[in-house]
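Only one structure is covered here, and it is reproduced in the block below.
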Amino acid sequence: MGTPEGSGGLPDEHPERRVYLSSFLLDRVEVTNRAYAAFVQGTGHRAPANPNPARTLWKNNHPMPGIEDHPVVNVSWEDAVAYCRWTGKRLPTEAEWEKAARGTDGRRYPWGNDWDFMLANSASHWAKRTIEFQSGADWDAFWINGEGARLSREYGVNGEVLTLPVGSFSQGASPYGALDMAGNAAEWVADWFDPNYYRGAPLVDPPGPARGAIKAMRGGSWLKPAVSLRTTDRDWGTMDSRPSGTGFRCAKDAL
């Protein structure tokens with residue numbers, strides 16, 4: 001788990017270490033709008049919503065027509081936990097998520113070690129070339145003022161969100177057959193996020209920090225460049241944030 005120092009990766013991915021996990025099960029695909037709608041309608045839980053109401057993808061507790069099989073986004077960590085509990089499951093830990101994504105052979109991407117923008121829904125997939133953002137200015141130049149903004153207007157759901165039906169990239173499956181572990185929607189996981197956690201984390205079933213202020217995400221999204229779709233890349237968000245690029249999948253202990 002993690003990335004060896006001196007071989008790339010970001011500081012919060014160091015040090016690389018061998019982690020042992022108890023058996024667990026993980027959803028093969030991200031939770032879809034269709035599945036989440038059953039939860040909303042069955043429990044009265046709040047529907048996904050964008051901070052800008054004009055960009056919200058749901059109306060009257062139903063997703064917009066045509067996106068039923070896209071990953072649900074605009075859900076908070078708390079929403080994800082509530083859904084998983086409703087299904088008798090839970091969010092995966094960071095360690096479980098990473099193993100499901102990279103297997104035991106340490107893959108850089110779920111499908112192998114070489115980047116291919118045709119195997120995952122990302123900024124590079126839409127641009128049809130490898131995209132990297134070196135700064136916030138590069139991000140703005142692509143997504144706010146440039147090519148990405150045009151692509152979102154032309155192809156995005158509600159003129160913005162470039163998710164695709166889950167499982168659209170079957171050739172990008174992980175060693176265990178999990179799909180969209182890179183791109184489409186980033187995924188909430190159970191752990192609090194601590195950039196230094198790996199330096200003293202348990203080597204058996206690491207549960208994440210005991211406390212924190214922000215929650216971990218994994219997998220990158222349609223918004224992200226290639227570097228953010230690596231199996232070791234870590235991201236985070238506040239518990240109540242509801243980003244347009246973040247969804248989740250559920251896990252449970254194996255019987």
Condition broken by Val189, with the remaining ones in (1) in a strand (DSSP E or B); (2) open to solvent by 30 Å² or more (accessible area, probe 1.4 Å); (3) of a type in the set (A, V, I, L, M) satisfied: (2)
Subset tally (residues that are buried (at least 17 other Cβ atoms within 10 Å of the Cβ) and either assigned to a helix (DSSP H, G or I) or not basic (Lys, Arg) (or both)) for the range 96-107: 7
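Rundown of residues vs (1) closer than 24 Å to Arg242 by Cα; (2) under 19 Å from the mean Cα position of the chain (by Cα); (3) assigned to a loop (DSSP other than H, G, I, E, B), yes/no style:
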{"site": "Gln134", "(1), (2), (3)": "no, no, yes"}
{"site": "Asp138", "(1), (2), (3)": "yes, no, no"}
{"site": "Arg150", "(1), (2), (3)": "yes, no, no"}
{"site": "Gly159", "(1), (2), (3)": "yes, no, yes"}
{"site": "Ser168", "(1), (2), (3)": "yes, yes, yes"}
{"site": "Gln171", "(1), (2), (3)": "no, yes, no"}
{"site": "Pro175", "(1), (2), (3)": "no, yes, yes"}
{"site": "Leu179", "(1), (2), (3)": "yes, yes, yes"}
Long-range neighbours under 6 Å by Cβ, at least six apart or interchain, first residue in contact (Cβ under 8 Å) with a residue 12 or more places away in the chain within the range 106-130, second surrounded by 14 or more Cβ atoms within 10 Å (Cβ to Cβ) and part of a strand (DSSP E or B): Ala120/Gly183; Asn121/Gly183; Ser122/Gly183
Residue within the range 92-105 that is under 21 Å from Ile214 (Cβ atoms) and without any contact (Cβ under 8 Å) to a residue 40 or more places away in the chain present: no
Counted residues, the range 159-168 - those being hydrophobic (A, V, I, L, M, F, W, C) and touching an Asp or Glu at 6+ places or on another chain (Cβ under 7 Å): 1
Selected residue (criterion: farthest from the chain's Cα centre (by Cα)) from residues of the range 230-255 that are among the charged types (D, E, K, R) and outside any strand (DSSP E or B): Asp240
Set Gly148, Gly159: member being open to solvent by less than 60 Å² (accessible area, probe 1.4 Å) and on the phi > 0 side of the Ramachandran plot: Gly159
Filter result for Gly245 (more than 21 Å from Arg107 (Cα to Cα), in contact with a strand residue (DSSP E or B) (Cβ under 6 Å, 6 or more places away or on another chain) and among the small types (Gly, Ala, Ser)): yes
Number of the condition not met by Leu164 [criteria: (1) open to solvent by less than 60 Å² (accessible area, probe 1.4 Å); (2) assigned to a loop (DSSP other than H, G, I, E, B); (3) touching a Lys or Arg at 6+ places or on another chain (Cβ under 9 Å); (4) of a type outside the set (Asp, Glu)]: (3)
Identity of the residue in the range 15-37, hydroxyl-bearing (Ser, Thr, Tyr) and open to solvent by 30 Å² or more (accessible area, probe 1.4 Å), that ends up farthest from Val204 (Cα to Cα): Ser23
Filtered residue count, the range 1-14, keeping only those that are at negative phi and open to solvent by 40 Å² or more (accessible area, probe 1.4 Å): 5
Qualifying positions in the range 39-76 - open to solvent by less than 40 Å² (accessible area, probe 1.4 Å), assigned to a helix (DSSP H, G or I) and either out of contact with any Pro (no Cβ under 9 Å at 6 or more places or on another chain) or within 30 Å of Thr232 (Cα to Cα) (or both): Phe39
Hey, Thr93 under 15 Å from the mean Cα position of the chain (by Cα), of a type outside the set (D, E, K, R) and open to solvent by 20 Å² or more (accessible area, probe 1.4 Å) or not: yes
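The values are calculated or read from the model by the stated rules, or taken from the named source; none is laboratory data. Computed from a predicted model, the values in this text were never measured in an experiment. Heads up, the Cβs are rebuilt from the backbone with ideal geometry, glycines too, and the neighbour counts pull from every protein chain shown. These accessible areas exclude ligands, DNA and RNA; they are computed on the full protein's heavy atoms, side chains included. Shrake-Rupley method; radii C 1.70, N 1.55, O 1.52, S 1.80 Å.
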